[in-house]
Amino acid sequence: MTHYSFIVVSLACGNLKDNDLQRSPRFRLLLSALQDPMFISQTVNIMETLETEKLFSVEKPLLIPISDHSENKTKARRNAVVSVLLQPFLWLQMLCSRLNPSFVLGVVLVYGLNQGFSGSIFKVVTDYYWKDVQQVQPSVVQLYMGLYYIPWVMRPIWGLFTDIFLIKGYKRKPYFVVSGVLGLVSASAIVVLGKLPAALALSCLLGVSAAMAIADVVIDACIATNSINIRSLATDIQSLCMVCSSAGALVGYATSGVFVHRLGPQGALGVLAVPPATIIILGFLIYEKRSSTVLIQKNKKLYILQDTDGVRVAVKTMYKTIKYPQVWKPTLYMFISLALNISTHEGYFYWYTDPTAGPAFSQEFVGIIYAIGALASMFGVLIYQKKLKGYSFRNILFFAQLLYGFSGMLDLIFIKRWNLTLGIPDSFFVITEESFSRIISKIRWIPMVVLSTRLCPLGIEGTFFAFLMCIDSFGQLACKWGGGFVLHAFGVTRHEFGNLWLVILLRNILRFTTLCFIFLVPDSDHLDDLVPSDALPKNEPEEDDNQILLL
């Protein structure tokens, strides 16, 4: 009997004892069947197939317990949440590894604390200060707000100082200290000196604004340099700026109403003294290589550059660069898009805090509105960083401006109180409107700043970027003053808001009009070269005076 025959007999008669095996009819039947060669070959094939399948198969349970499924899903969710929470920290770690950590700290302090937090406190508290303490008309406040932009318009001058005039061998560090001292003194004076005349109070607030502008110019010079040297990080640096600014504004707006309610409008202005103190500390902490001289390269030789020569070279290079169509066309669009967007903020603010004509929002709720808007701005930055930064500047700005015009219609619905007709409460509607408007505004603003960094020539990037931002400040100045004149022309006062909806409608029409100038924006992305090659530094300049390069 073969090996497989024995196996078959054993399987068939395994339950029988040895004495009963010979008498078993089953045994006799199998024994006769095993005499058939066909039966034996088929049995051998079946057994070999079964052994092969058993050898190469992996035993798996037919059903996985329900508890295992739930544990796997729980672990997957936990890992997803952890990865999302760690992503911002990994992104910051990447930036710190490729850039200097003190530069990242400077961006956080200037954009997060000095512009985001301090700027939001400045906006809310000064609104209540002019309305309740000085008791001036909204159109006049619009003009005052336009004056706040004068230090920002002067940014090319601050840029020239930071690029040309060294202090103790440093171009950036001393100006942080100067900015901090100016802001600290101005903010403290308006609180310590009590109720001031309007002109003197405006001077102190201009000092606070000037401190912000100087610190912004100095850090923007560092940003422009890093954006040019590490082109792939240009959008990441701007996203870091916007995230810090939005996060600081979120905290500032959330606490501004509480400060005004607890300390009063004038006492709350004392909070503006805290951020400048940190800027003074930043001036000692930020890393910068010390240099004893500023050099120029001419006729393949290096010469020591005097201060007057530096100003002349910088102005000449700026004039030469701005003449290129690739530079002046997008610059003109940025000015037009800002200037045509006339500001109606003060009339809007006076209306929704009025106890009779408007919804009479409280000081705390006004801060909450702005805080949620700042949070929405962070989502706008995230949307741009994750989904939009690969698209061309022209496409992004076209659709952003289009949505910006539609978002302005929500203000018109709110002024006419149509939201109550639709059954939507005022609080819910104004928060929704503010959030949507902030998201679109941020998506519209980031490409403009990234585009500005790509237009800067090396050597005077701080001055030229400040010059471009100066043009933007002129646009914002025209926006504020234009809004003030329109509010005055339509008779909008502290207690009269009958024509406010017409002002809002005119503003929205002008927003759509901006789309007619979109052709001025280049159809390129942040990785393309926008500045012509002859405007950039060369290793072997020609012997023409136009080729003098600031190093």
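The values are calculated or read from the model by the stated rules, or taken from the named source; none is laboratory data. Note that the coordinates shown come from a computational prediction; the quantities given were computed from them, not determined experimentally. With ligands, DNA and RNA removed, areas are computed over all heavy atoms of the protein, side chains included. Shrake-Rupley method; radii C 1.70, N 1.55, O 1.52, S 1.80 Å.
Some points to look at:
- Legend: residues ILE369, ILE228, sorted from most to least accessible area (1.4 Å probe; ligands, DNA and RNA excluded), read ILE228, ILE369.
- Phi to ³J(HN,Hα) by Karplus 6.51 cos²θ - 1.76 cosθ + 1.60 over the stretch 466-473, Hz, x for Gly, Pro: 5, 5, 5, 5, 5, 4, 4, 5
- As a ratio to 2.2 N^0.38 Å, the alpha-carbon radius of gyration computed for the stretch 382-440 takes the value 1.38.
- Sequence of GLU496, GLU288 from largest to smallest accessible area, 1.4 Å probe: GLU496, GLU288
- Scalar couplings 3J(HN,Hα) for the stretch 126-140, obtained by applying the Karplus form with A = 6.51, B = -1.76, C = 1.60 to θ = phi - 60°, are 5, 4, 5, 5, 6, 6, 9, 8, 8, 6, 10, 6, x, 5, 5 Hz; x denotes Gly and Pro.
- Scanning residues 5 or more positions from ILE230 or on other chains, none has an amide H under 5 Å from its amide H, with H placed 1.01 Å from N in the peptide plane.
- Separation of the alpha carbons by more than 23 angstrom is noted, of LYS386/LYS442; LYS323/LYS387; LYS387/LYS442; LYS329/LYS386; LYS442/LYS480; LYS289/LYS386, for LYS323/LYS387; LYS329/LYS386; LYS289/LYS386.
- Accessible area of the stretch 150-263 belonging to carbon and sulfur atoms, whole % at 1.4 Å probe: 73
- When nucleic acids and ligands are ignored and a 1.4 Å probe is applied, ARG394 ends up with an accessible area of around 80 Å².
- In this structure TYR391 has an accessible area near 130 Å², from a 1.4 Å probe over the protein heavy atoms.
- Largest to smallest in accessible area, the residues ARG494, ARG454 fall in the order ARG494, ARG454 (1.4 Å probe, all protein chains included).
- The residues of the stretch 117-198 present an accessible area of 37 Å² per residue when probed at 1.4 Å with all protein chains retained.
- Per-residue surface analysis assigns TRP501 an accessible area of about 80 Å², computed on protein heavy atoms at 1.4 Å probe radius.
- Global form of the stretch 394-505, assessed from the alpha-carbon gyration tensor, a/c cut-off 1.5: oblate
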